[in-house]
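J.: Pasting a structure below so you can have a look.
The values are calculated or read from the model by the stated rules, or taken from the named source; none is laboratory data. All figures in this text were calculated on a predicted structure; none of them were measured in a lab. Positions of Cβ are generated from backbone atoms using ideal geometry, with glycine treated the same way; all protein chains shown enter the neighbour counts. Just so you know, the surface numbers come from the protein's heavy atoms only, side chains and all, with ligands and any DNA or RNA stripped out. Shrake-Rupley method; radii C 1.70, N 1.55, O 1.52, S 1.80 Å.
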Amino acid sequence: MKKVAIVLSGIFILFLIGLIIISRNHKLNASLFPKEFKIGMILCGSHDNGGLSEAHYKSVLSVAENRGLVLEFFENVPYDERCREKIEELIYDGCKLIILDSGFFEEYSLPAAKAHPDTGFINFYGSGYSENYLSFSGRMYQPSYLCGMVAGMQTGNGRIGYMAASPASELICDINAFTLGVRKVNPDATVYVGYTDATDGVLLISRLIEGYGIDVIMNNTYTDTVLRYAEKRGIWSMGCHMDHSDIYPDSYLTSMVWDLYDFYDSEIMSCREGLFTGKDIRLGIDSHFVDISPLTENVKPGIAGAVAEERNRLINREYDVFYGPVYDSEGVLRAAENESIPDIELFNNLNWFVSGVEIYDSMQEQKLNEPG
(Lines give C-alpha, C1' and ligand atoms only; values in the text may rest on other atoms or scores of the structure.)
Protein backbone atom coordinates (compact mmCIF):
# COMPACT_ATOMS: atom_id res chain seq x y z
CA MET A 1 0.00 0.00 0.00
CA LYS A 2 2.89 2.32 0.83
CA LYS A 3 4.35 1.74 -2.62
CA VAL A 4 0.99 2.52 -4.21
CA ALA A 5 0.69 5.67 -2.15
CA ILE A 6 4.20 6.75 -3.09
CA VAL A 7 3.50 6.11 -6.75
CA LEU A 8 0.21 8.00 -6.60
CA SER A 9 1.91 10.84 -4.77
CA GLY A 10 4.61 10.93 -7.42
CA ILE A 11 2.01 11.02 -10.19
CA PHE A 12 0.17 13.84 -8.43
CA ILE A 13 3.38 15.82 -8.05
CA LEU A 14 4.19 15.34 -11.72
CA PHE A 15 0.65 16.45 -12.52
CA LEU A 16 1.13 19.63 -10.49
CA ILE A 17 4.49 20.29 -12.17
CA GLY A 18 2.78 19.85 -15.52
CA LEU A 19 0.13 22.38 -14.56
CA ILE A 20 2.81 24.84 -13.52
CA ILE A 21 4.68 24.37 -16.80
CA ILE A 22 1.47 24.77 -18.80
CA SER A 23 0.57 27.84 -16.78
CA ARG A 24 4.00 29.36 -17.37
CA ASN A 25 3.83 28.61 -21.07
CA HIS A 26 0.40 30.15 -21.19
CA LYS A 27 1.75 33.29 -19.57
CA LEU A 28 4.61 33.44 -22.06
CA ASN A 29 2.20 33.09 -24.96
CA ALA A 30 -0.08 35.67 -23.40
CA SER A 31 2.79 38.12 -23.45
CA LEU A 32 2.49 38.07 -27.23
CA PHE A 33 -0.99 39.53 -26.80
CA PRO A 34 -0.49 42.53 -24.50
CA LYS A 35 -3.59 44.50 -23.69
CA GLU A 36 -1.92 47.60 -25.12
CA PHE A 37 0.06 46.72 -28.24
CA LYS A 38 2.30 49.62 -29.20
CA ILE A 39 3.64 50.47 -32.65
CA GLY A 40 6.59 52.84 -32.99
CA MET A 41 7.35 54.86 -36.13
CA ILE A 42 10.49 56.66 -37.25
CA LEU A 43 9.68 59.27 -39.92
CA CYS A 44 12.25 61.03 -42.09
CA GLY A 45 9.86 63.95 -42.56
CA SER A 46 6.91 65.39 -40.68
CA HIS A 47 3.72 63.39 -40.26
CA ASP A 48 1.79 66.01 -42.25
CA ASN A 49 4.34 66.93 -44.94
CA GLY A 50 2.04 66.10 -47.84
CA GLY A 51 4.45 63.43 -49.05
CA LEU A 52 6.16 60.16 -48.16
CA SER A 53 6.08 60.40 -44.37
CA GLU A 54 2.45 61.47 -44.27
CA ALA A 55 1.43 58.60 -46.56
CA HIS A 56 3.03 56.03 -44.25
CA TYR A 57 1.88 57.73 -41.06
CA LYS A 58 -1.76 57.94 -42.15
CA SER A 59 -1.84 54.29 -43.21
CA VAL A 60 -0.36 53.03 -39.93
CA LEU A 61 -2.55 55.40 -37.91
CA SER A 62 -5.65 54.05 -39.65
CA VAL A 63 -4.65 50.48 -38.80
CA ALA A 64 -3.95 51.45 -35.19
CA GLU A 65 -7.32 53.20 -34.83
CA ASN A 66 -9.27 50.39 -36.49
CA ARG A 67 -7.52 47.68 -34.46
CA GLY A 68 -7.46 49.50 -31.12
CA LEU A 69 -3.66 49.74 -31.01
CA VAL A 70 -1.34 52.49 -29.80
CA LEU A 71 0.92 54.44 -32.17
CA GLU A 72 3.93 56.46 -31.07
CA PHE A 73 6.24 58.23 -33.50
CA PHE A 74 9.21 60.51 -33.94
CA GLU A 75 9.27 62.79 -36.99
CA ASN A 76 12.01 64.63 -38.89
CA VAL A 77 14.54 62.07 -37.69
CA PRO A 78 17.96 62.53 -39.36
CA TYR A 79 19.94 59.74 -40.98
CA ASP A 80 22.48 59.39 -38.19
CA GLU A 81 22.91 57.91 -34.70
CA ARG A 82 19.86 59.84 -33.51
CA CYS A 83 17.79 57.32 -35.46
CA ARG A 84 19.14 54.50 -33.28
CA GLU A 85 18.51 56.60 -30.16
CA LYS A 86 14.87 57.12 -31.13
CA ILE A 87 14.46 53.41 -31.85
CA GLU A 88 15.77 52.60 -28.37
CA GLU A 89 13.37 55.12 -26.83
CA LEU A 90 10.39 53.53 -28.56
CA ILE A 91 11.41 50.02 -27.52
CA TYR A 92 12.02 51.17 -23.93
CA ASP A 93 8.51 52.64 -23.99
CA GLY A 94 7.07 49.24 -24.87
CA CYS A 95 6.76 49.31 -28.67
CA LYS A 96 6.84 45.78 -30.08
CA LEU A 97 7.01 46.81 -33.73
CA ILE A 98 9.18 49.57 -35.21
CA ILE A 99 8.31 50.99 -38.64
CA LEU A 100 10.75 53.21 -40.55
CA ASP A 101 9.83 55.13 -43.71
CA SER A 102 13.22 55.39 -45.44
CA GLY A 103 15.91 53.02 -46.63
CA PHE A 104 18.52 55.47 -45.38
CA PHE A 105 17.59 54.40 -41.82
CA GLU A 106 18.72 50.82 -42.46
CA GLU A 107 22.28 51.46 -41.28
CA TYR A 108 20.82 52.03 -37.81
CA SER A 109 17.71 49.86 -37.85
CA LEU A 110 19.40 46.57 -38.82
CA PRO A 111 21.79 46.58 -35.83
CA ALA A 112 18.86 47.57 -33.60
CA ALA A 113 16.89 44.57 -34.87
CA LYS A 114 19.79 42.28 -34.07
CA ALA A 115 20.01 43.72 -30.56
CA HIS A 116 16.25 43.32 -30.00
CA PRO A 117 15.21 39.93 -31.45
CA ASP A 118 11.81 40.07 -29.71
CA THR A 119 10.88 43.31 -31.52
CA GLY A 120 9.67 43.39 -35.12
CA PHE A 121 11.09 45.88 -37.62
CA ILE A 122 9.63 47.06 -40.93
CA ASN A 123 11.86 49.28 -43.09
CA PHE A 124 10.49 50.91 -46.24
CA TYR A 125 12.94 50.67 -49.16
CA GLY A 126 15.36 48.65 -47.07
CA SER A 127 17.41 45.93 -48.70
CA GLY A 128 18.31 43.64 -45.81
CA TYR A 129 16.19 41.27 -43.78
CA SER A 130 16.46 38.84 -40.88
CA GLU A 131 14.12 36.80 -38.67
CA ASN A 132 12.60 39.94 -37.16
CA TYR A 133 13.41 42.47 -39.89
CA LEU A 134 11.23 43.05 -42.96
CA SER A 135 12.20 45.23 -45.92
CA PHE A 136 9.57 46.27 -48.44
CA SER A 137 9.01 48.55 -51.38
CA GLY A 138 6.87 48.75 -54.47
CA ARG A 139 7.51 48.84 -58.18
CA MET A 140 6.71 52.53 -58.27
CA TYR A 141 8.39 52.73 -61.66
CA GLN A 142 5.19 51.23 -63.13
CA PRO A 143 2.87 54.15 -62.24
CA SER A 144 5.82 56.49 -62.90
CA TYR A 145 5.84 55.21 -66.49
CA LEU A 146 2.10 55.92 -66.75
CA CYS A 147 2.62 59.42 -65.36
CA GLY A 148 5.25 59.92 -68.05
CA MET A 149 2.67 59.09 -70.69
CA VAL A 150 0.35 61.72 -69.20
CA ALA A 151 3.14 64.32 -69.22
CA GLY A 152 4.18 63.47 -72.76
CA MET A 153 0.67 64.01 -74.09
CA GLN A 154 -0.12 67.01 -71.88
CA THR A 155 2.96 69.13 -72.66
CA GLY A 156 2.65 71.79 -75.31
CA ASN A 157 6.35 72.29 -76.00
CA GLY A 158 7.96 68.92 -75.15
CA ARG A 159 9.84 70.39 -72.14
CA ILE A 160 9.04 68.52 -68.95
CA GLY A 161 10.54 69.03 -65.49
CA TYR A 162 11.22 66.30 -62.93
CA MET A 163 12.05 67.02 -59.30
CA ALA A 164 13.66 64.14 -57.40
CA ALA A 165 14.82 63.99 -53.79
CA SER A 166 18.25 62.57 -54.68
CA PRO A 167 20.10 60.50 -57.30
CA ALA A 168 19.42 57.26 -55.39
CA SER A 169 19.03 54.13 -57.50
CA GLU A 170 15.29 53.71 -56.95
CA LEU A 171 14.71 57.35 -57.94
CA ILE A 172 16.84 56.99 -61.08
CA CYS A 173 14.63 53.98 -61.81
CA ASP A 174 11.52 56.19 -61.50
CA ILE A 175 13.08 58.90 -63.68
CA ASN A 176 13.95 56.40 -66.40
CA ALA A 177 10.50 54.83 -66.30
CA PHE A 178 8.85 58.25 -66.46
CA THR A 179 11.00 59.22 -69.45
CA LEU A 180 10.22 55.95 -71.24
CA GLY A 181 6.54 56.79 -70.77
CA VAL A 182 7.09 60.32 -72.11
CA ARG A 183 9.04 59.08 -75.13
CA LYS A 184 6.46 56.38 -75.91
CA VAL A 185 3.90 59.07 -76.79
CA ASN A 186 6.20 62.03 -77.53
CA PRO A 187 9.56 60.79 -78.93
CA ASP A 188 11.14 64.25 -79.17
CA ALA A 189 10.31 65.44 -75.63
CA THR A 190 13.02 66.07 -73.02
CA VAL A 191 12.83 65.50 -69.25
CA TYR A 192 14.89 68.01 -67.24
CA VAL A 193 15.80 66.57 -63.82
CA GLY A 194 16.78 68.45 -60.68
CA TYR A 195 17.66 67.06 -57.25
CA THR A 196 16.31 68.83 -54.20
CA ASP A 197 19.07 67.50 -51.93
CA ALA A 198 21.48 69.81 -53.75
CA THR A 199 19.48 73.04 -53.67
CA ASP A 200 16.23 74.61 -52.55
CA GLY A 201 13.20 73.05 -54.25
CA VAL A 202 11.43 76.33 -55.05
CA LEU A 203 14.63 77.85 -56.44
CA LEU A 204 15.22 74.77 -58.55
CA ILE A 205 11.76 74.64 -60.11
CA SER A 206 11.99 78.34 -60.90
CA ARG A 207 15.29 77.66 -62.68
CA LEU A 208 13.69 74.88 -64.71
CA ILE A 209 10.78 77.14 -65.68
CA GLU A 210 12.92 80.16 -66.54
CA GLY A 211 15.83 78.29 -68.09
CA TYR A 212 14.10 75.50 -69.98
CA GLY A 213 10.53 76.74 -70.31
CA ILE A 214 8.98 73.58 -68.86
CA ASP A 215 5.19 73.45 -68.87
CA VAL A 216 4.74 70.19 -66.91
CA ILE A 217 6.52 69.17 -63.68
CA MET A 218 6.74 65.81 -61.92
CA ASN A 219 7.36 65.94 -58.17
CA ASN A 220 9.14 62.93 -56.66
CA THR A 221 10.31 64.44 -53.38
CA TYR A 222 9.33 64.07 -49.73
CA THR A 223 6.98 67.08 -49.62
CA ASP A 224 4.44 68.90 -51.78
CA THR A 225 6.46 72.16 -51.99
CA VAL A 226 6.94 71.74 -55.74
CA LEU A 227 3.20 71.30 -56.25
CA ARG A 228 2.40 74.49 -54.37
CA TYR A 229 4.85 76.44 -56.51
CA ALA A 230 3.58 74.87 -59.73
CA GLU A 231 0.03 75.90 -58.85
CA LYS A 232 1.24 79.44 -58.24
CA ARG A 233 3.14 79.61 -61.53
CA GLY A 234 0.46 77.95 -63.66
CA ILE A 235 2.51 74.84 -64.49
CA TRP A 236 0.85 71.45 -64.91
CA SER A 237 1.94 69.20 -62.06
CA MET A 238 2.02 65.55 -60.99
CA GLY A 239 2.90 64.13 -57.60
CA CYS A 240 3.87 61.02 -55.70
CA HIS A 241 2.96 59.11 -52.54
CA MET A 242 -0.48 60.78 -52.21
CA ASP A 243 -3.28 62.19 -54.37
CA HIS A 244 -3.21 66.01 -54.07
CA SER A 245 -5.92 66.79 -56.61
CA ASP A 246 -8.20 68.38 -54.01
CA ILE A 247 -5.44 70.70 -52.80
CA TYR A 248 -4.19 71.90 -56.21
CA PRO A 249 -7.31 71.86 -58.42
CA ASP A 250 -6.04 74.23 -61.12
CA SER A 251 -2.75 72.55 -62.02
CA TYR A 252 -2.81 68.96 -60.83
CA LEU A 253 -2.96 66.09 -63.34
CA THR A 254 -2.37 62.81 -61.46
CA SER A 255 0.00 61.07 -59.08
CA MET A 256 1.83 57.81 -58.51
CA VAL A 257 0.45 56.57 -55.21
CA TRP A 258 0.78 53.85 -52.58
CA ASP A 259 -2.03 51.75 -51.12
CA LEU A 260 -0.30 50.81 -47.87
CA TYR A 261 -3.21 49.99 -45.58
CA ASP A 262 -3.67 46.29 -46.36
CA PHE A 263 0.07 45.64 -46.20
CA TYR A 264 0.50 47.39 -42.86
CA ASP A 265 -2.66 45.83 -41.43
CA SER A 266 -1.44 42.33 -42.30
CA GLU A 267 2.10 42.78 -40.96
CA ILE A 268 1.05 44.67 -37.82
CA MET A 269 -1.47 41.99 -36.89
CA SER A 270 1.09 39.26 -37.61
CA CYS A 271 3.39 40.92 -35.10
CA ARG A 272 0.51 41.39 -32.66
CA GLU A 273 -0.21 37.64 -32.84
CA GLY A 274 3.43 36.57 -32.58
CA LEU A 275 3.60 35.39 -36.20
CA PHE A 276 5.82 38.11 -37.66
CA THR A 277 8.69 36.95 -39.89
CA GLY A 278 11.36 38.94 -41.69
CA LYS A 279 11.50 38.97 -45.47
CA ASP A 280 12.15 41.18 -48.48
CA ILE A 281 9.00 42.22 -50.38
CA ARG A 282 8.58 43.98 -53.73
CA LEU A 283 5.00 44.48 -54.90
CA GLY A 284 3.70 45.95 -58.16
CA ILE A 285 0.69 47.49 -59.81
CA ASP A 286 -0.88 44.05 -60.34
CA SER A 287 -1.42 43.87 -56.55
CA HIS A 288 -2.58 47.53 -56.44
CA PHE A 289 0.13 48.19 -53.87
CA VAL A 290 1.24 50.98 -56.22
CA ASP A 291 -0.93 52.70 -58.81
CA ILE A 292 -1.69 55.91 -60.65
CA SER A 293 -4.38 58.10 -59.10
CA PRO A 294 -7.50 59.05 -61.10
CA LEU A 295 -6.73 61.63 -63.77
CA THR A 296 -8.19 65.06 -63.10
CA GLU A 297 -10.32 67.17 -65.43
CA ASN A 298 -7.17 69.17 -66.26
CA VAL A 299 -5.91 66.29 -68.42
CA LYS A 300 -6.41 66.71 -72.17
CA PRO A 301 -9.02 64.57 -73.97
CA GLY A 302 -7.75 61.20 -75.18
CA ILE A 303 -5.06 60.77 -72.54
CA ALA A 304 -7.18 58.81 -70.06
CA GLY A 305 -8.00 56.07 -72.56
CA ALA A 306 -4.40 55.56 -73.65
CA VAL A 307 -3.16 55.41 -70.06
CA ALA A 308 -5.93 53.01 -69.00
CA GLU A 309 -5.03 50.63 -71.82
CA GLU A 310 -1.35 50.63 -70.84
CA ARG A 311 -2.20 50.24 -67.16
CA ASN A 312 -4.24 47.12 -67.94
CA ARG A 313 -1.29 45.64 -69.79
CA LEU A 314 0.89 46.15 -66.71
CA ILE A 315 -1.73 44.68 -64.38
CA ASN A 316 -2.16 41.64 -66.63
CA ARG A 317 1.64 41.25 -66.84
CA GLU A 318 1.59 41.36 -70.61
CA TYR A 319 4.84 43.33 -70.37
CA ASP A 320 6.78 45.50 -67.93
CA VAL A 321 8.44 48.90 -68.17
CA PHE A 322 12.01 47.62 -68.44
CA TYR A 323 11.40 44.74 -70.83
CA GLY A 324 13.97 44.91 -73.61
CA PRO A 325 15.24 46.19 -75.74
CA VAL A 326 16.27 49.03 -73.42
CA TYR A 327 19.17 51.35 -74.28
CA ASP A 328 20.79 54.00 -72.12
CA SER A 329 21.56 57.56 -73.22
CA GLU A 330 24.94 56.44 -74.59
CA GLY A 331 23.38 53.79 -76.80
CA VAL A 332 24.49 50.87 -74.62
CA LEU A 333 22.06 47.94 -74.61
CA ARG A 334 20.89 47.43 -71.00
CA ALA A 335 18.23 44.81 -71.64
CA ALA A 336 18.01 42.68 -74.77
CA GLU A 337 14.73 41.77 -76.46
CA ASN A 338 12.61 39.39 -74.36
CA GLU A 339 14.76 40.18 -71.30
CA SER A 340 13.93 42.33 -68.28
CA ILE A 341 16.12 44.28 -65.90
CA PRO A 342 15.83 42.56 -62.47
CA ASP A 343 14.54 44.39 -59.41
CA ILE A 344 17.84 44.09 -57.58
CA GLU A 345 19.50 46.29 -60.23
CA LEU A 346 16.58 48.70 -60.57
CA PHE A 347 16.35 49.34 -56.83
CA ASN A 348 19.99 49.11 -55.79
CA ASN A 349 22.47 49.42 -58.66
CA LEU A 350 21.04 51.80 -61.26
CA ASN A 351 23.43 54.60 -62.24
CA TRP A 352 22.52 55.31 -65.87
CA PHE A 353 19.76 57.17 -67.70
CA VAL A 354 17.72 56.45 -70.79
CA SER A 355 17.70 58.83 -73.74
CA GLY A 356 15.66 61.96 -73.19
CA VAL A 357 16.94 62.77 -69.68
CA GLU A 358 18.93 65.94 -69.01
CA ILE A 359 20.27 66.54 -65.49
CA TYR A 360 20.18 70.12 -64.26
CA ASP A 361 23.57 71.38 -63.06
CA SER A 362 23.43 74.23 -60.55
CA MET A 363 26.69 75.51 -62.05
CA GLN A 364 24.75 76.37 -65.20
CA GLU A 365 22.72 79.14 -63.54
CA GLN A 366 24.56 81.87 -65.40
CA LYS A 367 23.86 80.11 -68.69
CA LEU A 368 20.21 79.67 -67.79
CA ASN A 369 19.79 83.36 -67.10
CA GLU A 370 21.14 84.39 -70.48
CA PRO A 371 18.47 85.59 -72.95
CA GLY A 372 17.39 83.28 -75.70
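J.: For S206 paired with N157, estimate the spin-label separation in nm (one decimal), with each label point 7 Å from Cα along the Cα-to-Cβ line.
T.: 1.8 nm
J.: Still on this structure, I have one more. Would you list which aspartates and glutamates come within 17 Å of K96, measuring only between C-alpha atoms, while excluding same-chain residues fewer than 8 positions from it?
T.: Leaving aside aspartates and glutamates fewer than 8 places away in the same chain, those within reach of K96 are E36, E65, E72, E85, E88, D118, E131, D265, E267, E273.
J.: At 1.4 Å probe size, with the rest of the protein present, what percent of the exposed accessible area of the chain is carbon and sulfur atoms?
T.: Carbon with sulfur: 52 percent of the solvent-accessible area.
J.: Take every Cα pair under 8 Å in the chain that's 6+ residues apart, average their separations, divide by the length, and report that relative contact order as a whole percent.
T.: 17 percent
J.: Let me ask you something else. What's the extension gain from L275 to Y319 if we count 0.36 nm per residue and subtract their Cα-Cα distance? Kindly include the intermediate steps, with their values, before the conclusion.
T.: Values: separation 44, 0.36 × 44 = 15.84 nm, distance 3.51 nm.
Gain on stretching L275 to Y319: 12.3 nm.
J.: Moving to a separate point now. Apply the Kirkwood formula to region 42-130: the hydrodynamic radius equals the inverse of the mean of 1/r over all pairs of different alpha-carbon atoms; give it in Å with one decimal.
T.: When all Cα pairs of region 42-130 are included, the Kirkwood radius is 13.1 Å.
J.: Sorted from largest to smallest, which semi-axis lengths in Å does the alpha carbon gyration tensor of region 260-372 give for its equivalent ellipsoid, taking the root of 5 times each eigenvalue? It would help to have the intermediate numbers written out before the result.
T.: Working: eigenvalues 231, 95, 82 Å².
Values for region 260-372, descending: 34, 22, 20 Å.
J.: With springs only between Cα atoms under 10 Å, which of P187, P167, P111 fluctuates most in a Gaussian network model of the chain?
T.: Answer for the Gaussian network model of the chain: P111.
J.: Under 8 Å for C-alpha pairs, at least 6 residues apart: give me the relative contact order for region 173-251, rounded to a whole percent.
T.: Rounded, it is 21 percent for region 173-251.
J.: Sum -39500 (n - 2.57) across every DSSP H segment of at least 4 residues in the chain, then divide by the residue count to get the 222 nm mean residue ellipticity, nearest 500.
T.: -13000 deg cm²/dmol
J.: Okay, moving on. Taking the simple approach of a point 7 Å from Cα along Cα-to-Cβ for both S130 and S166, what is their distance in nm?
T.: 2.2 nm
J.: Write out the chymotrypsin sites (Phe, Trp or Tyr not before Pro) in region 288-357 meeting two conditions: DSSP loop, and at most 11 other Cβ atoms within 10 Å of their Cβ.
T.: Those that pass, being in a loop and sparsely packed, are Y319.
J.: Rounded if a/c is under 1.5, else prolate if a/b is larger than b/c, else oblate: which is region 130-209, with a ≥ b ≥ c the root eigenvalues of its Cα gyration tensor?
T.: It is oblate, given that a/c is not under 1.5 and a/b is not larger than b/c.
J.: Size of the chain along its principal axes in angstrom, Cα-based, largest extent first?
T.: Largest first, the chain extends 112, 42, 37 Å along its Cα principal axes.
J.: Now a separate question. Any idea what Rg and Dmax come out to for region 235-321 if you just take the C-alpha atoms, in Å?
T.: Both quantities, over Cα of region 235-321: 16.4, 51 Å.
J.: Kirkwood Rh over alpha-carbon pairs of region 151-193, then Stokes-Einstein at 25 °C and 0.890 mPa s: what D in µm² s⁻¹, rounded to an integer?
T.: 233 µm²/s
J.: Over region 124-262, average the accessible area per residue using a 1.4 Å probe and give it in Å², no decimals.
T.: On the way: 4320 Å² over 139 residues.
Using a 1.4 Å probe on heavy atoms only, each residue of region 124-262 averages 31 Å².
J.: If you don't mind, there's one more thing I want to ask. Applying a 10 Å radius around every beta-carbon, put 133-144, 58-69 in order of their mean neighbour count, most first.
T.: Numbers: 133-144: 25.7, 58-69: 16.3.
The most tightly packed comes first, giving 133-144, 58-69.
J.: So which of K184/K300; K232/K300; K184/K279; K86/K279 end up more than 28 Å apart, counting from Cα to Cα?
T.: Numbers: K184/K300 17 Å; K232/K300 20 Å; K184/K279 35 Å; K86/K279 23 Å.
In this structure, K184/K279 exceed 28 Å between Cα atoms.
J.: If you take the square roots of the eigenvalues of the alpha-carbon gyration tensor of region 85-242 and sort them as a ≥ b ≥ c, do you get rounded (a/c under 1.5), prolate (a/b over b/c) or oblate?
T.: prolate
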